[in-house]
1. Mind ordering 24-30, 8-14 by average Cβ neighbours within 10 Å, highest first?
2. Which value, in Å², gives the accessible area per residue of the chain when a 1.4 Å probe is used on the protein heavy atoms?
3. For helix 32-47, what angle does its Cα long axis make with the longest principal axis of the chain, in degrees from 0 to 90 and rounded to 10?
4. Once the whole set of protein chains is in place, how much accessible area is left on residue 54, using a 1.4 Å probe, in Å² to the nearest 10?
5. With a 1.4 Å probe and every protein chain left in place, tell me how much accessible area residue 67 has, in Å² to the nearest 10.
6. Separation between the residue 58 and residue 21 pseudo-spin-labels, each 7 Å from Cα along Cα→Cβ, expressed in nm?
Amino acid sequence: MDVTDFPDDLVQTQAAWNTTYNALAAPRPHDTTALRRRLLRLSVRLWWHPYWATAPSLPAARSELRRLARTHRVARAA
């Protein structure tokens, strides 16, 4: 399995995690409790996703997933 062959739900979860993290990191975020809870739920989904049982190199794959989710978000905005 190629390290960039991620399931769509995993990429979408990482993109949602990035969005939530950025919202929480913004100056004076609204409803910080809800954002923190969402970030925690998304973190659990990312960490325990079944894909990681088949990933050839976990650190490299996790790093590539974060990069892919950032470019995915940029591509959707364009």
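1. 8-14, 24-30
2. 71
3. Helix 32-47 sits at roughly 0 degrees to that axis.
4. 80
5. 100
6. So the two model labels end up 1.8 nm from each other.
The values are calculated or read from the model by the stated rules, or taken from the named source; none is laboratory data. The model shown is predicted, which means the values in this text are computed figures rather than measured ones. For neighbour counting, all protein chains shown are included, and Cβ atoms are generated from backbone atoms with ideal geometry for every residue, glycine included. These area figures cover heavy atoms from the full protein model, side chains too; ligands, DNA and RNA do not enter into them. Shrake-Rupley method; radii C 1.70, N 1.55, O 1.52, S 1.80 Å.
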